[in-house]
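Chemist: Below is one structure. I have some questions about it.
The values are calculated or read from the model by the stated rules, or taken from the named source; none is laboratory data. Here the structure is a predicted model, which is why all the values come from computation and not from measurement. Cβ placement follows ideal geometry from the backbone for every residue including glycine, while neighbour counts extend to all protein chains displayed. Ligands, DNA and RNA are excluded from the accessible area calculation, which covers all protein heavy atoms including side chains. Shrake-Rupley method; radii C 1.70, N 1.55, O 1.52, S 1.80 Å.
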Amino acid sequence: MTYRWKSLLLTALVASVVGCASGKVANVPPGTAEADKFLYERGQAAVGNEKWADAREYFRNIVDNYPQSPFRPDAKLALGDTYLSQGGTENLLLAANEFREFQTFYPTHPRADYAQLQLARSYTRQMLAAERDQSATRDAIKEIEVFLQRYPNSALMPEARAIEREARDRLSQANYRVGYFYYRARWYPGAIDRFREVLANDPAFTRRDAVYYHLAEALYRTDKKPEALPYYERLLREFEQSEYLLESQKRVEELKGGTPTGK
């Protein structure tokens, strides 16, 4: 889905949400003290029972009708969380919208780091398989980079790093698969360029053992054996477990000992 179509869909979804909210569930009984607190607690109870639509009505009532409520920022975040928890493309787009609006309305709020983290998470939940379009993956990386820059001392940093690794691994895997396609087609120059790009852009790629091995093999098969050797050695040095260890060890022994393998 292109950015333009996502924007159009989001506009339509937001209009639909605003137009369809009945407010019947979230009515406050007459004479209720601290109505905003009442609504927030009911919303949290609905979340506990996974009644997402009901929860959203309670939280939306606070956001729309209690501008001075101390519960309003948390209700705004809770709205986004309900969409994120329910899942599905449409709900994930609406979740991202809620978290982005929170950052606009409350940029210095103590939970602004949480909003930014959840914004990034709303994109990781939209990421497609490595062989498909990676637009959501790039969006996730963009938003998690914002988190890392703005909130370096956040207690949520471990979660942010995990999300970053997940997104970068997906993008690197997509790029690796292109290089591997070239490799299988024996277009080694194209494979070499793509594998080197993966390592340059993401040196911590979790599956870089596959990149090392196939880059080394592509160099080996284009008679660039001195350039291939360091990649075999890096694989052996950095990975205790890999499906490419045995073959890499054989190549290292051959290249250092001058024994041809016949391949």
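Chemist: Can you run phi through the Karplus equation (6.51, -1.76, 1.60; θ = phi - 60°) for the stretch 82-97 and list ³J(HN,Hα) in whole Hz, with x for Gly and Pro?
Modeler: Listing the rounded values in order: 5, 5, 5, 5, 5, x, x, 3, 5, 5, 5, 5, 5, 4, 4, 5 Hz.
Chemist: Rounding to the nearest 10 and keeping the result within 0 to 90°, find how far the Cα-based axis of helix 245-257 lies from the longest principal axis of the chain.
Modeler: The helix 245-257 is inclined about 40 degrees to the chain.
Chemist: Also, I was wondering about something else. How many Lys pairs in the stretch 131-263 lie less than 23 angstrom apart by Cα atoms, where the lysines are 8 or more positions apart or on different chains?
Modeler: Lysine pairs satisfying the spacing and distance rule in the stretch 131-263 number 7.
Chemist: ³J(HN,Hα) across the stretch 104-117 via Karplus (A = 6.51, B = -1.76, C = 1.60, θ = phi - 60°), whole Hz, x for Gly/Pro?
Modeler: Listing the rounded values in order: 6, 7, 10, x, 10, 5, x, 9, 5, 5, 5, 4, 5, 5 Hz.
Chemist: What's log10 of I(q)/I(0) for the chain at q = 0.11, 0.12, 0.13 Å⁻¹, Debye sum over Cα points only, no solvent?
Modeler: -0.72, -0.79, -0.87
Chemist: Rounded, prolate or oblate: which one fits the stretch 79-136, using the alpha carbon gyration tensor with axes a ≥ b ≥ c (rounded when a/c is under 1.5, else prolate when a/b beats b/c, else oblate)?
Modeler: Cα axes put the stretch 79-136 in the prolate bin.
Chemist: Determine the distance separating the Cα centre of the stretch 146-171 from the Cα centre of the stretch 29-82; give it in Å without decimals.
Modeler: Between the Cα centres of the stretch 146-171 and the stretch 29-82 lies a distance of 29 Å.
Chemist: Quick check: residue separation of Thr108 and Arg221 times 0.36 nm, minus the Cα distance between them. What number comes out in nm?
Modeler: 35.1 nm
Chemist: Expressed as a rounded percentage, what relative contact order does the chain have, with Cα pairs under 8 Å and six or more residues apart?
Modeler: 9 percent
Chemist: Gaussian network model of the chain, Cα springs within a sub-10 Å range: biggest mean-square fluctuation belongs to which of Leu77, Leu156, Leu119?
Modeler: Leu156
Chemist: Report the residue, chosen from Val63, Val198, Val252, that carries the largest GNM mean-square fluctuation when the chain is represented by alpha-carbon nodes joined by springs under 10 Å.
Modeler: Val252
Chemist: Which one, Pro189, Leu246, Leu236, is farthest towards the positive end of the dipole of the stretch 146-263 when Lys and Arg carry +1 and Asp and Glu -1 on their Cβ?
Modeler: Farthest towards the positive end: Pro189.
Chemist: What FRET efficiency comes out for the pair Val146/Gln68, r = Cβ-Cβ distance, R0 = 30 Å, nearest 0.05?
Modeler: After rounding, the FRET efficiency stands at 0.55.
Chemist: May I ask you to derive the FRET efficiency for Glu253 and Arg132 from their Cβ-Cβ distance with R0 = 41 Å, giving the value to the nearest 0.05?
Modeler: E between Glu253 and Arg132, to the nearest 0.05, is 0.55.
Chemist: Expressed as a whole percentage, what fraction of the accessible surface of the chain belongs to carbon and sulfur atoms when a 1.4 Å probe is rolled over the protein heavy atoms?
Modeler: The value for the chain is 50 percent carbon and sulfur by accessible area.
Chemist: Moving to a separate point now. What number comes out for accessible area per residue over the chain if the probe is 1.4 Å? Units Å², please.
Modeler: Heavy-atom accessible area per residue stands at 55 Å².
Chemist: For helix 208-221, what angle does its Cα long axis make with the longest principal axis of the chain, in degrees from 0 to 90 and rounded to 10?
Modeler: Compared with the principal axis, the helix lies near 30 degrees.
Chemist: Anyone know which of Asp113, Asp193, Asp139 comes out most mobile in the 10 Å Cα GNM of the chain?
Modeler: Judging by the Gaussian network model, the answer is Asp193.
Chemist: Can you tell me the Rg and Dmax of the stretch 138-263, counting just the alpha carbons, in angstroms?
Modeler: 17.1, 55
Chemist: Would you calculate a helix-derived [θ] at 222 nm for the chain, using -39,500 (n - 2.57) for each DSSP H run of n ≥ 4 and dividing by the full residue count, to the nearest 500?
Modeler: My calculation for the chain gives -24000 deg cm²/dmol from helical runs alone.
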